[in-house]
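S.K.: Handing you this structure, nothing more for now.
The values are calculated or read from the model by the stated rules, or taken from the named source; none is laboratory data. These figures come from a predicted structure and were not determined experimentally. Here the Cβ positions follow ideal geometry from the backbone for every residue, glycine too, while neighbour counts run over all protein chains shown.
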Amino acid sequence: MKENKVIIEKLNSLLADYQIYYQNLRGFHWNIQGKEFFELHVKFEELYTDASVKVDEIAERILTVGGTPLHSFEDYLATAHIKPVKNVHEGEISVKTVVSNLEQIITQEKELKEIAGDAHDSGTEDQMSALIEEQEKTLWMYKAWLK
């Protein structure tokens, strides 16, 4: 089924982006410095813990629709739209990167939701709807922090 192959490919792309997003968040959590340390250290941990759960759910969805989830850093780096960042210590740069990463992820989720809807894959469509709703709120909050 052609639609299923496209859905699996798009889910794997989303999985790769989540893995890079997750690792970026770990780095922010470990390396944050400055006046926002206490606030952002905790927030980045909340975000990477949440991203870890989503990684698992996306991988399980790939398996559910008959695919094989990507599972090597080599594959993630080759597939992801999000780029890894390193040695970021400043709060504002960290939060701007979170915003940019989330915007990329939401764009992919919306595209995947539409593809899944056209393919009558309500499970994937529903999963993307739930992710989009939650992440749009998270995105709004971090954009508000930047103001």
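S.K.: Which residue pairs have Cβ atoms under 6 Å apart, sit 6 or more places apart or on different chains, and have a first residue in the stretch 26-43 that is among the β-branched types (Val, Ile, Thr) and a second that is surrounded by 12 or more Cβ atoms within 10 Å (Cβ to Cβ)?
M.R.: Every condition considered, the pairs that remain are ILE32/LEU40; ILE32/HIS41.
S.K.: From the list LYS147, LYS43, LYS110, which residue is within 12 Å of LEU14 (Cβ to Cβ) and either touching a Gly at 6+ places or on another chain (Cβ under 9 Å) or basic (Lys, Arg) (or both)? Spell out the reasoning first.
M.R.: Details: LYS147 fails: within 12 Å of LEU14 (Cβ to Cβ); LYS43 fails: within 12 Å of LEU14 (Cβ to Cβ).
Exactly one residue qualifies, and that residue is LYS110.
S.K.: Are any residues in the stretch 112-125 without any contact (Cβ under 8 Å) to a residue 24 or more places away in the chain and under 30 Å from SER94 (Cα atoms), and if so, which ones?
M.R.: LYS113
S.K.: Across the stretch 61-76, which residue is farthest from the chain's Cα centre (by Cα) among those that are touching a residue at least 24 places away in the same chain (Cβ under 8 Å) and not in a loop (DSSP other than H, G, I, E, B)?
M.R.: Top of the filtered list is THR64.
S.K.: Would you check if ASP17 is over 20 Å from GLY123 (Cα atoms), at pLDDT 95 or above, assigned to a helix (DSSP H, G or I) and among the acidic types (Asp, Glu)?
M.R.: Spelling it out, ASP17 is indeed over 20 Å from GLY123 (Cα atoms), at pLDDT 95 or above, assigned to a helix (DSSP H, G or I) and among the acidic types (Asp, Glu).
S.K.: Which residues, counting only those in the stretch 55-71, are surrounded by fewer than 20 Cβ atoms within 10 Å (Cβ to Cβ) and either in contact with a Cys (Cβ under 8 Å, 6 or more places away or on another chain) or not aliphatic (A, V, I, L, M) (or both)?
M.R.: Scanning the stretch 55-71 gives ASP56, GLU57, GLU60, THR64, GLY66, GLY67, THR68, PRO69, HIS71.
S.K.: Another question, if that's okay. With respect to GLN108, is the statement that it is more than 30 Å from GLY34 (Cα to Cα), in contact (Cβ under 8 Å) with a residue 60 or more places away in the chain and within 11 Å of the chain's Cα centre (by Cα) true? Working first, answer last.
M.R.: Details: more than 30 Å from GLY34 (Cα to Cα): yes; in contact (Cβ under 8 Å) with a residue 60 or more places away in the chain: yes; within 11 Å of the chain's Cα centre (by Cα): yes.
It is true that GLN108 is more than 30 Å from GLY34 (Cα to Cα), in contact (Cβ under 8 Å) with a residue 60 or more places away in the chain and within 11 Å of the chain's Cα centre (by Cα).
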